[in-house]
Amino acid sequence: MQRVMRRIEPSLPPSRLLVERRFPLEMNVTLPEIRELYDSGKAGRWNPYRDIDWAALDAAQYDAPVRQAARRVWSRRLWVEATGLTETPALLMRFCMETNREIDSKFYLTVRNTEEAWHVECFDRLAEAFGGRIAAPADPAYQAAFNRNLHRRVMDAGQHLDSYVASFAAFEDGLELELARTWRGHASNPTVLAVLDRVIADKERHAAFGWHYLAARAPRWTAKDRATIAVELIEHVRNTELKGYHCPWLAPEHAAAEAEADAIAADAGLGAAPRAAEEETLANYTANVRERLAELGIVLPMFESNRMRTF
């Protein structure tokens, strides 16, 4: 009888639960910049089916290898964007459960989750048009880069909320914005351009939320708070970005198929960018972040990788 080996997923440590303290219930505007993001998000509502000309995509005009590459590119974008469908509600719950957190952020996050759902719809439709959504990375080892359990992490009472915002709302959302701008700069297909234009407009708000929130909170940080934020940011870059989460060429041992697909789709103008362009974006963005964090009293070191220059 053939023996079937069952893969055992690593166990996660138990989460420490927050205790709800609803009162006093504060509804006044205290972060006007973030309340404005909420208002502009409502005003800028769009519909993936009404506002995108899907017929202009014309996937049949591309050769089979290009369609297959685009299928893989947009499937991977879908894996990334789908993270928000669980992470944003968990972040909203954390803001709602923690005492004395501002109402403006709670309102804003309701809009952010809707925008992420629209992005998921668009990325899924693009993947389907090029041959069908791919359910998982070609190499199972690459899956670990996407299974980050952020919803559990942010709901853990031991998680420092401001450092979470710094890593995932400021740094990560800002990087996604700059990468989307880079992809748009190398795109030519009208439907892909229309999708990226709307994604960029939304992600401008997503990144602005993180940075506005850090700026508002910084005056009350202690030296310990700043050290905690720095440690979590460093961990994010080393354990997420350098593992190929956004740029698969950073993890060729696990993401070779995804990196190759990006290169082919970039040449075809289908919403990817050459490796050199993404490397420039990552390096320049991290340098800008380092300067912004220094203004808040947080020191971000240089990062080294054998996949790209020190940044």
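The values are calculated or read from the model by the stated rules, or taken from the named source; none is laboratory data. Model, not experiment: these values are computed from the prediction. Backbone-built Cβ (ideal geometry, glycine too); neighbour counts: all protein chains shown. SASA here: full protein model, heavy atoms, side chains in, ligands and nucleic acids out. Shrake-Rupley method; radii C 1.70, N 1.55, O 1.52, S 1.80 Å.
Selection of first residues in the range 127-148 that are without any contact (Cβ under 8 Å) to a residue 24 or more places away in the chain and of second residues that are buried (at least 16 other Cβ atoms within 10 Å of the Cβ), restricted to Cβ pairs under 7 Å at least 6 apart or on distinct chains, gives the following pairs, ordered by first then second residue: 143/137. Pick out the one residue from 178, 121 that is open to solvent by 20 Å² or more (accessible area, probe 1.4 Å), within 30 Å of residue 33 (Cβ to Cβ) and in contact with a Ser or Thr (Cβ under 7 Å, 6 or more places away or on another chain). Step by step, each of 178, 121 is checked, and only 178 is open to solvent by 20 Å² or more (accessible area, probe 1.4 Å), within 30 Å of residue 33 (Cβ to Cβ) and in contact with a Ser or Thr (Cβ under 7 Å, 6 or more places away or on another chain). Residues in the range 254-265 that are open to solvent by 10 Å² or more (accessible area, probe 1.4 Å) and either free of Cβ contacts under 8 Å to residues at least 60 places away in the same chain or of a type in the set (A, V, I, L, M, F, W, C) (or both): 5 in all. Selection within the range 268-277: residues that are open to solvent by 10 Å² or more (accessible area, probe 1.4 Å) and touching a helix residue (DSSP H, G or I) at 6+ places or on another chain (Cβ under 8 Å). The member of this set that is farthest from residue 194 (Cα to Cα) is 275. Selection of the range 57-86 for residues being touching an Asp or Glu at 6+ places or on another chain (Cβ under 9 Å), touching a residue at least 40 places away in the same chain (Cβ under 8 Å) and either under 24 Å from residue 173 (Cβ atoms) or open to solvent by 20 Å² or more (accessible area, probe 1.4 Å) (or both) yields 66, 71, 72, 73, 74, 75, 76, 78, 80, 81, 83.
Among the residues of the range 93-102, not a single one is without any contact (Cβ under 8 Å) to a residue 60 or more places away in the chain and either aliphatic (A, V, I, L, M) or open to solvent by less than 30 Å² (accessible area, probe 1.4 Å) (or both).
The set of residues in the range 146-195 that are of a type outside the set (Asp, Glu) and in contact with a Gly (Cβ under 6 Å, 6 or more places away or on another chain) comprises 165, 169, 170, 183, 187, 188, 189, 192. Within the range 182-211, restricting attention to residues that are over 16 Å from the mean Cα position of the chain (by Cα) and open to solvent by 40 Å² or more (accessible area, probe 1.4 Å), the residue that is farthest from residue 284 (Cα to Cα) is 190. Annotation: of all residues in the range 39-98 being closer than 19 Å to residue 145 by Cβ and of a type in the set (A, V, I, L, M, F, W, C), the one that is nearest to the chain's Cα centre (by Cα) is 80.
Exactly one residue out of 230, 223 is open to solvent by 10 Å² or more (accessible area, probe 1.4 Å), among the aliphatic types (A, V, I, L, M) and within 20 Å of the chain's Cα centre (by Cα), and it is 230. On the basis of being touching a helix residue (DSSP H, G or I) at 6+ places or on another chain (Cβ under 9 Å) and crowded, with 22+ Cβ neighbours inside 10 Å, does residue 166 make the cut? Yes, satisfied. Out of the residues in the range 35-56 that are part of a loop (DSSP other than H, G, I, E, B) and open to solvent by less than 60 Å² (accessible area, probe 1.4 Å), state the one that is farthest from residue 123 (Cα to Cα). Within the range 35-56, the match that is farthest from residue 123 (Cα to Cα) is 44. Selection of helices (runs of 4 or more DSSP H) fully inside the range 140-238 by the criterion of at least 3 residues being at pLDDT 95 or above and touching a His at 6+ places or on another chain (Cβ under 7 Å) returns 172-185.
Condition check for residue 30 on (1) part of a helix (DSSP H, G or I); (2) within 29 Å of residue 214 (Cβ to Cβ): one failure, at (1).
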